[in-house]
Structures are given as C-alpha cells and as structure tokens.
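K.L.:
First, the structure itself, so that you have it in front of you.
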Amino acid sequence: MHHFTYRNAQFYAEDVPLADLAAAYGTPTYVYSAATLRRHYDVLDEALAGAAHTICFAVKANSNLAVLQLLAQRGAGFDIVSAGELQRVILAGGDPGKVVFSGVGKRDDEIALALRHSILALHVESEGELLRIEHVAAQLGVRAPVSLRVNPQVDPKTHKYIATGLATSKFGVDMRSAPALYRRAAASPHLRVVGIGSHIGSQILELQPMIEAVAKVLDLVHRLRAEGIPLHHLDIGGGIGIPYRDEDTVTPADFGQAITALVAPHGLHLITEPGRVIAGNAGILLTRVIGTKQNGNRNFIIVDAAMNDLLRPALYGAWHGIVPVQQQDRPEHVVDVVGPVCESGDFLAQDRLMPAVETGELLAVLAAGAYGFAMSSNYNSRPRACELLVDGASVHEARRREDSSDLCKGEALRPV
C-alpha cells in the first residue's frame with residue numbers, strides 16, 4: 001500500500017497535488033511519502049513480533065537524511081556498506097548500536113570508524129577481511145563484534161545482478177569454510193563472535209528460497225553451538241520484492257510468520273535488512289515532458305528525467321509504471337519514454353502502452369523510492385534532482401536541486 005492517489009483526476013502525494021510540487025520545486029524531482037514509509041516499517045515490525053528482532057533498513061536503497069531520520073525515530077536500525085553511510089546514519093540520529101556493516105571491500109579506516117562508534121556487528125565476507133578486522137581492533141585496543149555472512153547456495157530466482165547468495169557470488173563465505181573461521185574468531189582476544197547471517201538477493205518474489213536459506217544457516221548454528229561457539233543473532237538479510245508490475249510478491253505477514261517460526265525456537269535475536277520493501281513504493285519520480293517525436297515506426301516521449309536520475313531501467317531492464325499527473329480520457333499508443341542523456345540506453349520505458357501526452361505536461365514514475373536517487377549521478381554534467389518528503393499536507397525539501405556550482409565543486413583549473 002502507498003499514499004500516492006488520484007483525486008479529481010489529479011495525482012497526489014498524500015494531501016499535496018504533484019502539480020503544485022512541480023510548480024514550486026521544478027522537475028525532475030523525487031517525492032517521498034512519510035506515511036508510506038511509516039506504514040511499511042510498522043507492518044514489517046508487526047509481522048516479526050513472534051521473535052525478538054531488529055529491522056536494519058538498507059541505507060543503500062535510500063540514503064536521504066530525512067528518510068533515515070524518520071525510520072530512526074520509528075526504532076529502525078541500519079544496514080550499511082560504507083563509512084559514508086555510517087556517517088549519514090549518525091547525522092540522521094540513528095543508533096550505531098543497531099548498525100550492521102556489510103560489503104566485501106571494507107577499508108581499514110572504515111573498519112576503525114565502525115569500531116569507534118561501537119556498531120552492532122561487522123559482517124565478515126572473507127578470511128582476509130577477518131584478519132584485517134582483527135588487526136584494526138588490536139591497534140585500537142578493542143574487541144571487534146563479528147558475524148560471518150555465509151552463502152547458503154540458494155537460488156533467489158531474481159535478476160543475476162542482484163542475486164548474492166550463490167557460490168559464484170563475490171559476497172560472503174562458503175558454508176564449508178565458515179566453521180574454521182568461527183574457531184579462529186572465537187580464539188582471538190581482539191574479536192567477539194556475535195552472530196551469523198546470509199543474504200541471498202534482492203527483489204525476491206517467492207518465500208521458499210528465503211525459508212531454505214534460513215534453514216541451512218540454522219543447521220550451521222547447531223554445529224557451531226555444539227563446538228561451544230556462542231551466537232547471539234541471526235541476520236537473514238533483506239530482499240522481499242515489491243509489485244512494480246502487479247507481480248505476486250511475498251507479503252510481510254507470510255514472511256514474518258514463516259521466518260519467526262523457524263528462528264524463535266533457537267533463542268536467536270532476529271535481524272533483517274529490508275530496503276526496497278520499505279522505500280520502493282514510498283517514492284515517485286516527477287518529470288516533465290519536453291517533447292514527442294517519431295522515428296520510423298518508433299514513437300518517443302522525451303522527458304527531463306534521464307538515466308542519470310533513474311538508472312534501474314537502463315541497468316537492469318527494470319520496469320516502472322509511468323502515469324500522467326493529470327488524468328483524462330485520451331487515446332493510447334506504444335511509446336518509448338526517453339531522457340536527454342546522450343546514450344541509446346537512456347530510457348525510462350520501452351514499448352510501453354501509454355496515453356498520448358503533450359509537451360509540458362507532468363508524468364510520475366512509480367515505485368522509485370528505492371535505488372532511485374541513491375544510484376543517480378551527474379553523467380552528462382546534469383545536476384541531480386531535488387528530493388521532497390511529503391507528510392500529510394506539509395512538504396519538506398529533503399535535498400535541494402543541484403546547480404552548476406555543485407557540478408564543479410572540488411575541481412580546479414591548471415595554473416596558467
């Protein structure tokens with residue numbers, strides 16, 4: 001469920017017409033719904049009530065400070081993959097004690113920063129990383145909280161770019177290697193074993209792969225406990241998909257019931273790392289039609305948002321609904337919705353049946369709250385979009401639109 005709806009043929013974000021936002025802030029602009037973010041967090045929280053748990057929002061999905069602040073106020077923890085994301089969480093008022101640090105390439109300075117802020121756990125993704133964490137912890141005179149990310153070798157049945165729990169993935173540790181690494185960590189005076197975890201991928205539409213992965217990790221938990229290695233938490237990752245195109249997806253209720261039934265009997269604190277399922281349908285990308293054209297038998301709608309603003313269609317072939325902000329009866333035809341970037345891959349939709357549009361009118365790209373602005377860039381020297389957080393009838397400018405001075409920040413001409 002989300003709070004973007006038509007009222008009297010005008011598309012609204014909660015109680016604010018999108019046309020009013022475009023008039024006040026311009027386009028392209030990301031618009032987030034605070035009510036949707038709260039609802040999605042609360043629904044998942046309630047679904048997991050059968051086990052002690054922490055929801056660690058995946059910052060990579062949407063790292064805007066106002067969004068992180070809203071979720072922190074709701075009680076969320078955070079899943080980070082860089083020092084920059086940790087700094088964002090702290091600025092937003094998040095509790096470092098509810099932060100887990102994932103990723104295969106943590107630098108020594110990032111590890112040190114995480115340890116100085118006493119985060120909940122560093123997710124270890126290789127033997128070499130375990131040794132580096134141990135070395136940094138020894139230099140700081142602390143014990144680093146570590147949790148191995150293991151690969152359960154489960155196919156999540158999703159796009160290959162976002163499948164992360166297979167033996168061929170760059171992520172995680174092979175389950176056969178994990179016991180030896182846990183023994184190494186348990187014996188170290190500079191490491192403290194706190195948990196175990198896995199994350200098999202993103203945009204997962206079926207429950208069975210998640211259940212299979214958790215069951216495999218729990219089997220490893222039994223073996224480790226039999227060796228006297230204590231484990232406090234089980235991190236099951238994230239990955240619940242959302243309906244971009246009326247897909248049948250895993251519901252939070254079904255997810256929560258199945259997972260808590262598996263985990264609760266083992267006395268483990270459950271951690272999950274949702275991103276898309278909380279933020280995806282909580283945001284839209286507002287864009288204006290620059291013009292239309294026809295080349296041969298192809299019809300194009302040219303808009304002011306581009307692949308630098310929303311990369312997912314070009315990167316994954318991802319599908320996002322696109323609707324007119326002004327609803328009216330008009331003929332439909334098959335079009336490509338494209339942006340101004342100088343790439344043939346710059347499209348927001350291809351071969352899409354859409355109503356006829358006119359130059360200057362507004363379109364809303366749906367389900368753009370996750371991996372939208374977070375993956376945007378300044379390619380073609382294009383300023384990044386404005387971000388707005390709507391809460392009822394109030395509008396918060398969560399990020400101002402960049403301008404030409406931002407594009408050249410940090411650069412310098414050669415001395416003449």
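K.L.:
List pairs: first residue in segment 19-48 and under 12 Å from ALA279 (Cα atoms) and without any contact (Cβ under 8 Å) to a residue 12 or more places away in the chain, second residue polar (S, T, N, Q) and assigned to a helix (DSSP H, G or I) anywhere in the structure, Cβ distance under 6 angstrom, at least six positions apart or on different chains.
P.N.:
none
K.L.:
For segment 185-201, name all the residues that are in contact with a helix residue (DSSP H, G or I) (Cβ under 7 Å, 6 or more places away or on another chain) and either on the phi < 0 side of the Ramachandran plot or not in a strand (DSSP E or B) (or both).
P.N.:
Hits for segment 185-201 are ALA185, SER188, HIS190, LEU191, VAL193, ILE196, SER198, ILE200.
K.L.:
If you don't mind, there's one more thing I want to ask. I need the full set of residues from segment 112-124 which are buried (at least 22 other Cβ atoms within 10 Å of the Cβ) and not in a strand (DSSP E or B), in order please.
P.N.:
ALA114, ILE119, LEU120
K.L.:
Still on this structure, I have one more. Determine which single condition ALA306 fails, assuming it passes every other condition in (1) among the small types (Gly, Ala, Ser); (2) free of Cβ contacts under 8 Å to residues at least 60 places away in the same chain; (3) in a loop (DSSP other than H, G, I, E, B).
P.N.:
With respect to (1) among the small types (Gly, Ala, Ser); (2) free of Cβ contacts under 8 Å to residues at least 60 places away in the same chain; (3) in a loop (DSSP other than H, G, I, E, B), ALA306 is out only on (2).
K.L.:
Give GLY97, GLY93 a once-over and let me know the one that is exposed (fewer than 15 other Cβ atoms within 10 Å of the Cβ), assigned to a helix (DSSP H, G or I), small (Gly, Ala, Ser) and in the same structural domain as GLY267 (by TED's automatic domain parsing).
P.N.:
So the residue among GLY97, GLY93 that is exposed (fewer than 15 other Cβ atoms within 10 Å of the Cβ), assigned to a helix (DSSP H, G or I), small (Gly, Ala, Ser) and in the same structural domain as GLY267 (by TED's automatic domain parsing) is GLY97.
K.L.:
Let me ask another. What residue, of GLY75, GLY50, GLY84, is at pLDDT below 95 and out of contact with any Leu (no Cβ under 6 Å at 6 or more places or on another chain)?
P.N.:
GLY50
K.L.:
Okay, moving on. Just the residues that are outside any helix (DSSP H, G or I) and either at pLDDT below 95 or touching a strand residue (DSSP E or B) at 6+ places or on another chain (Cβ under 7 Å) (or both), please, taken from segment 63-72.
P.N.:
ASN64
K.L.:
If you don't mind, another one. Pairs please, first residue from segment 323-341 and closer than 10 Å to ALA9 by Cβ, second anywhere and of a type in the set (Gly, Ala, Ser), Cβ atoms under 6 Å, 6+ apart in sequence or on different chains.
P.N.:
Sorted first by the residue in segment 323-341, then by its partner, the pairs are VAL325/ALA19; VAL325/ALA364; GLN327/ALA9.
K.L.:
For ARG288, indicate whether it is farther than 30 Å from CYS386 by Cα, at pLDDT 95 or above and surrounded by fewer than 24 Cβ atoms within 10 Å (Cβ to Cβ).
P.N.:
No, not satisfied.
K.L.:
Just for segment 198-220: of the residues that are surrounded by fewer than 24 Cβ atoms within 10 Å (Cβ to Cβ) and not hydrophobic (A, V, I, L, M, F, W, C), which one is nearest to TYR371 (Cα to Cα)?
P.N.:
GLU206
K.L.:
Here's something else I'd like to know. Taking segment 333-348, which residues are surrounded by fewer than 21 Cβ atoms within 10 Å (Cβ to Cβ) and farther than 19 Å from TYR379 by Cα?
P.N.:
Result: HIS333, VAL334, ASP336.
K.L.:
Contact list please: Cβ distance under 6 Å, first residue in segment 134-150 and closer than 19 Å to PRO179 by Cβ and at pLDDT below 95, second residue in a strand (DSSP E or B) and of a type in the set (Gly, Ala, Ser), pairs at least six apart or on different chains.
P.N.:
ARG149/GLY197
K.L.:
Would you confirm whether or not segment 383-401 contains a residue that is in contact with a Phe, Trp or Tyr (Cβ under 9 Å, 6 or more places away or on another chain) and either of a type in the set (Phe, Trp, Tyr) or not assigned by TED's automatic domain parsing to the domain that holds PHE11 (or both)?
P.N.:
Looking for residues that are in contact with a Phe, Trp or Tyr (Cβ under 9 Å, 6 or more places away or on another chain) and either of a type in the set (Phe, Trp, Tyr) or not assigned by TED's automatic domain parsing to the domain that holds PHE11 (or both), one finds none in segment 383-401, hence no.
K.L.:
Of all residues in segment 90-112 being β-branched (Val, Ile, Thr) and in contact with a Cys (Cβ under 8 Å, 6 or more places away or on another chain), which is farthest from LEU131 (Cα to Cα)?
P.N.:
If we take residues in segment 90-112 being β-branched (Val, Ile, Thr) and in contact with a Cys (Cβ under 8 Å, 6 or more places away or on another chain), then VAL99 is farthest from LEU131 (Cα to Cα).
K.L.:
Take ASP235 and tell me if it is in the same structural domain as GLU134 (by TED's automatic domain parsing) and over 18 Å from the mean Cα position of the chain (by Cα).
P.N.:
In short, no.
K.L.:
Being outside the structural domain of VAL221 (by TED's automatic domain parsing), surrounded by 23 or more Cβ atoms within 10 Å (Cβ to Cβ) and not basic (Lys, Arg) narrows it down to one residue among LEU315, LEU310; which is it?
P.N.:
One residue alone meets the criteria, LEU310.
K.L.:
Conditions first: (1) surrounded by 15 or more Cβ atoms within 10 Å (Cβ to Cβ); (2) outside any loop (DSSP other than H, G, I, E, B). LYS106 passes all but one, so which condition is the exception?
P.N.:
It is condition (2) that LYS106 fails.
K.L.:
Can you report the number of residues in segment 350-368 which are more than 21 Å from the chain's Cα centre (by Cα) and in a strand (DSSP E or B)?
P.N.:
Residues in segment 350-368 being more than 21 Å from the chain's Cα centre (by Cα) and in a strand (DSSP E or B): 8 in total.
K.L.:
Sticking with this structure for a sec: Looking at segment 165-184 only, could you name the residues that are assigned to a helix (DSSP H, G or I) and among the aromatic types (Phe, Trp, Tyr)?
P.N.:
TYR182
The values are calculated or read from the model by the stated rules, or taken from the named source; none is laboratory data. All values derive from a computational prediction rather than experimental measurement. Using ideal geometry, Cβ is built from the backbone for each residue, glycine included, and neighbour counts are taken over all protein chains shown.
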